[in-house]
1. Filter the stretch 291-326 down to the residues that are farther than 22 Å from GLN387 by Cβ and under 18 Å from the mean Cα position of the chain (by Cα) and list them by number.
2. Report, ordered by the first and then the second residue, all pairs with beta carbons closer than 8 Å, sequence separation of six or more or different chains, a first member in the stretch 389-406 that is without any contact (Cβ under 8 Å) to a residue 24 or more places away in the chain, and a second member that is buried (at least 19 other Cβ atoms within 10 Å of the Cβ) and not in a strand (DSSP E or B).
3. Name the residues in the stretch 183-205 that are within 11 Å of the ligand (Cβ to nearest atom) and either of a type in the set (A, V, I, L, M) or open to solvent by less than 10 Å² (accessible area, probe 1.4 Å) (or both), would you?
4. Taking the stretch 157-182 as the search range and keeping residues that are open to solvent by less than 60 Å² (accessible area, probe 1.4 Å) and touching a helix residue (DSSP H, G or I) at 6+ places or on another chain (Cβ under 6 Å), which one is farthest from GLU106 (Cα to Cα)?
5. Just give me the residues in the stretch 374-418 being at pLDDT 95 or above, small (Gly, Ala, Ser) and over 18 Å from GLU79 (Cβ atoms), in sequence order.
6. Against the condition within 11 Å of the ligand (Cβ to nearest atom) and open to solvent by less than 60 Å² (accessible area, probe 1.4 Å), how does GLU386 come out, does it pass?
7. Any idea which residue in the stretch 327-336 is nearest to the ligand (Cβ to nearest atom), counting only those that are open to solvent by 40 Å² or more (accessible area, probe 1.4 Å) and over 23 Å from the mean Cα position of the chain (by Cα)?
8. When the residues of the stretch 211-233 are narrowed to those that are open to solvent by 10 Å² or more (accessible area, probe 1.4 Å), over 30 Å from SER102 (Cβ atoms) and assigned to a helix (DSSP H, G or I), which ends up nearest to the ligand (Cβ to nearest atom)?
Amino acid sequence: MSAAMTCRSCEAEGLLPFLSLGATPLTDAYVPLDRADEPEARYPLDVAFCPSCSLVQLLYAVPPEAIFRDYSYYSSFSETLLVHSREHARELMTSRGLDSGSLVIELASNDGYLLRNFVEEGIPVLGIDPALGPADAAEAIGVPTLREFFGVELASRLRSEGKRADVVIANNVLAHVPDLNGFVEGIATILADDGIAEIEVPYVRELIEGLEFDTIYHEHLCYFSVTALDALFDRHGLSLNHVRRFPIHGGSLRLTVGRRSEERDTVRTHLADEAAAGMDDFDYYRGFGDRVVEVQASLRAMLERLRGQGKRIAAYGAAAKGTILLNSSGIGSDLIAFVADKSPHKQGKLMPGVRIPIVPPERLLEEMPDYVLLLAWNFRDEIMREQRAYLEAGGRFIVPLPTPVEVGREALESVEAG
Ligand code: DWN
């Protein structure tokens, strides 16, 4: 584990810390029952701002091998994400005129959740993902996958093999790589001369203004603004040409990057908006830590009050962000009976740190807890639709952020309308 004293992007010194979530277990290191009594590794989780290029980043990097090889996150367990990805793929097929002579390379292709759409249309693809389980699942549905970490070395090898991508896709991975510059240089290396890269990252503005502190964890080394991204791509001879916002994962940016600069209206608009909001100044981040402490305390107080009234509380979504919310807020098995999750890769294990058991979602109707804390709040509507029977039977969800609120069957109408 290494402490970064210089910026991961521009390498300037003088990073300014503004939040510490303390020594925290790895979010996706779900604990098997037979290791329930063993201690687990914890790592500092401190966040800082770079006054030189505005990049928000973690001060400590856990070796990626320790996180992503034995990885239990499978993207296909969310219909919302599958629909989002299918629409993205179809749009690219049309806008780039992709056919059997094209090549689409996805970095962090996971279980094939996105590339499957191109395979179904006979468009050649290559997935790259070090996570062994998800890569097996991808290959099982016909998505060829290299089980490797992407960087300049692998990119040079692929290029020497004649593999140049018409489209490079990199969703929810740019924030995860310790060697940020090497990763972007790698993209520049494998991109065809007239190729484009489409990259999705969570937007730091939504994180700060939506108080999404639980999306801060060791897998996410960087938290991006358009200001920080524009400088990063420019440094590697790439041009950020287009920016779009999507609600997925608490608010994300989709970036379109190419070799040549094109009209950059949406980029200029975001750069101006960010400057107007002061996002290139430390003051914008200064008070975030205090707001986090407040919401942690109010959520814990709410759960303690309900338990004090004899109410039974469970949780939904054994998400990485759930590990952070529970551990950093001091919410343990004294307050939460179990965590329900669809993924068989997580069921039967314990949440890291707080060691709350993870069970199949059917347990909600079977046991009818009075309340369910929604840890996977980013899929609120999908989960409420799925849990209609529980809500109609009188169960209630607690949506924790930006301030904890209760929702019950009265909210189903708006959810169904979508
Ligand atoms: O960057 C990352 C983001 C994109 O995904 C990764 N580093 C890790 C992961 O973060 P997360 O675990 O917080 O992601 P999700 O997608 O919010 O996790 C949702 C969890 O909820 C999954 O375990 C699946 C589960 N789920 C479920 O049980 N029923 C999800 C839905 C939609 C459902 O209906």
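The values are calculated or read from the model by the stated rules, or taken from the named source; none is laboratory data. Predicted, not measured: the structure shown is a model, and the values here were computed from it. Here Cβ is always computed from backbone atoms with ideal geometry, including for glycine, and neighbour counts include all displayed protein chains. What goes into the accessible areas is simple: the full protein's heavy atoms, side chains included, and nothing from ligands, DNA or RNA. Shrake-Rupley method; radii C 1.70, N 1.55, O 1.52, S 1.80 Å.
1. First, pick out the residues of the stretch 291-326 that are farther than 22 Å from GLN387 by Cβ: 291-298, 300-301, 304-305, 308-310, 324.
Of everything in the stretch 291-326, just one residue is farther than 22 Å from GLN387 by Cβ and under 18 Å from the mean Cα position of the chain (by Cα), namely ILE324.
2. Pairs that qualify, where the first residue is without any contact (Cβ under 8 Å) to a residue 24 or more places away in the chain and the partner is buried (at least 19 other Cβ atoms within 10 Å of the Cβ) and not in a strand (DSSP E or B), are LEU391/MET384.
3. First, pick out the residues of the stretch 183-205 that are within 11 Å of the ligand (Cβ to nearest atom): 200-202.
Passing the criteria: GLU200, VAL201.
4. Filtering first and then ranking leaves GLY182.
5. ALA393, GLY394, GLY395, GLY408
6. On the way: within 11 Å of the ligand (Cβ to nearest atom): yes; open to solvent by less than 60 Å² (accessible area, probe 1.4 Å): no.
No.
7. Out of the qualifying residues, it is SER333.
8. THR215
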